[in-house]
Amino acid sequence: MNFRQITAAERTATMFPLQAYAFMPSPWTAEDEEAYRGRMRFFETTLTLIAEEDGQALAGVAALRMRQNVRGLVHDMAGVASVSSHPMARRRGLVRELLERLLRQTREEGCAVSALYPFRPSFYARFGFVGVPRHRTATFTPEGLAHLLRADLPGEVERLSMSDGFAAWQGLQQQLLTRRHGFAVFDDVRSAEFREDEYWVAVARSGGEVVGAVRYQVDRHGGDLIASHLLCAGSLGRALLLQFFARHVDQVAQIVVRLSTDEVPELWGTDMQVSTEGSVANPTENAPMVRVLDVEALAGTPVGPGAITIEIPDELIGGVWQLESAGGALTVAKGSAPSVTLSAAGFSALVYGVLDPVEVVARGLGSVPAAAIPTLSTMFPREMPYLVADF
Ligand SMILES: CC(C)(COP(=O)(O)OP(=O)(O)OC[C@H]1O[C@@H](n2cnc3c(N)ncnc32)[C@H](O)[C@@H]1OP(=O)(O)O)[C@@H](O)C(=O)NCCC(=O)NCCS
């Protein structure tokens, strides 16, 4: 078995048959293959690894070059995607070997963290990943926002094609990357594909600054306005975008929009009738998962007061680590005599703020003596990340 890195140009001959069989209706057509080839310019910076035997690719994995905010610190992130193996080559450990190589290489190239959308979370739990929230979807009639039609807000919304609105939409994402825990963005090469999307983008501005943006489509007259994530820099951006939605009152029956878990749409208006759903299902609707690839790279992360020495048994981040808050910023040093043992997933859950130490223990992701629980809870308080990028 030969394991090797391939270029974007090589992906069509090697990865396409594996991915098409795994993720698309099949048998696929020559047009499907051509469309894939046409997209490969957006994968020039993607790290792709394959396992091949007698010149045939049997399995492949990839890492998209991304950046992510974790508790206020922005890191290079490996966005794991395109994980697939030939049906006759499954359960031979090929994807395990490829994923281990991929995570090692991305870590060596500077990625402190990794994220992915699993087909089945337990598969990636073996590789140290832990779940973070899936977005919520709010569905409501524009009537609930009628009060906003009369509101005089200090700003305006422009409806643009994705190609015209791309720069503003992308600029807001870069802004949110620096401000929002969990937020992740693609590099310029990968994100350029969004410019060609057949979406509208509503861009909210105030004083010339972009304060909100949302991609959307309208499915039919009297149908749904289906929006992607409601991206806003604050309440004004949200109010401007909701006012824009309200203007569709006699055009569409419903607005469907993606939200972070901390949005509470029933508070958007007095008469809001809304259904907010967070539905998770294998294999296509899963919540994303994340993991830390490099403990030392976390130095400087804003944390609560405290100091603790932990042991992590793991290929990538294994060892005994002395973690301490120095004036609210994490310091990391090699340590000895750990008081706590955490799996890579358990440690990642605390760093990302998705589980508290009691839950980490209850989930079998570590062993934490009672005396260490308050320190870990204070240093890594719960804080829900919002991962928006889909890959
Ligand atoms: C999922 C998939 C990539 C696994 O590939 P594979 O080559 O069979 O994986 P491996 O043989 O390297 O298995 C790695 C480990 O996961 C386990 N595993 C494999 N498939 C699994 C499954 N469906 N559920 C749970 N565990 C699984 C293996 O037993 C092995 O465990 P071990 O290392 O502890 O022994 C492959 O089945 C596939 O292409 N499926 C369709 C596409 C898909 O779902 N891709 C994932 C997108 S996120």
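Please treat every number below as a calculation from the coordinates, not as lab data. Keep in mind that what you see is a predicted model, and the values were worked out from it rather than measured. Cβ sites come from the backbone with ideal geometry, for glycine too, and all protein chains shown count toward neighbours.
Brief remarks follow.
- Most mobile listed residue (Val264, Val80, Val130) in the chain, GNM with C-alpha springs under 10 Å: Val264
- Under the simplified labelling scheme, the Ala146-Arg37 pair shows an inter-label distance of 5.6 nm, with each label point 7 Å from Cα along Cα→Cβ.
- DSSP bridge analysis restricted to the chain gives an antiparallel fraction near 90%, rounded to the nearest 5.
- Nearest-0.05 FRET efficiency for Ser336 and Thr139, computed from C-beta distance (R0 41 Å): 0.15
- Result for the chain in a Gaussian network model with C-alpha springs under 10 Å: among Ser161, Ser114, Ser26, the largest mean-square fluctuation is at Ser26.
- Site pair Ala299 and Val274 shows an inter-label distance of 4.4 nm when each label is modelled 7 Å from Cα along Cα→Cβ.
- Considering only alpha-carbon pairs that sit under 8 angstrom and 6 or more positions apart, the relative contact order computed for the range 2-111 is 25 percent.
- Euclidean distance between Cα centres, the range 203-257 to the range 104-158, Å: 17
- Intensity falloff of the range 199-259 expressed as log10 I(q)/I(0), Debye formula with alpha-carbon point scatterers, at q = 0.16, 0.17 Å⁻¹: -0.46, -0.52
- Under a model in which nothing but the beta-carbon of Lys, Arg (+1) and Asp, Glu (-1) is charged, the chain shows a dipole of about 620 debye around its Cα centre.
- With only the Cα atoms considered, the range 1-50 has a convex hull volume of 80 Å³ per residue.
- Projection of the Cα convex hull of the range 295-379, averaged over all directions and equal to a quarter of that hull's surface, yields 4.8 nm².
- Relative contact order (%) - criterion: Cα under 8 Å, at least six apart; region: the range 156-263: 26
- Reference-scaled alpha-carbon Rg (2.2 N^0.38 Å with N residues) for the chain: 1.06
- Structure remark: mean-square fluctuation, Gaussian network model of the chain, C-alpha springs under 10 Å; the largest value among Val214, Val70, Val280 belongs to Val280.
- Taking the inverse of the mean reciprocal distance over all distinct Cα pairs, the Kirkwood hydrodynamic radius of the range 2-111 comes to 14.6 Å.
- Size of the range 136-277: Rg and Dmax of its alpha carbons, in Å, are 14.5, 44.
- Modelled this way, with points 7 Å down the Cα-to-C-beta line, the labels at Arg120 and Thr284 are 1.8 nm from one another.
- Fully extending the segment from Asp197 to Ala253 would add 17.8 nm, taking 0.36 nm per residue of separation and subtracting the current Cα-Cα distance.
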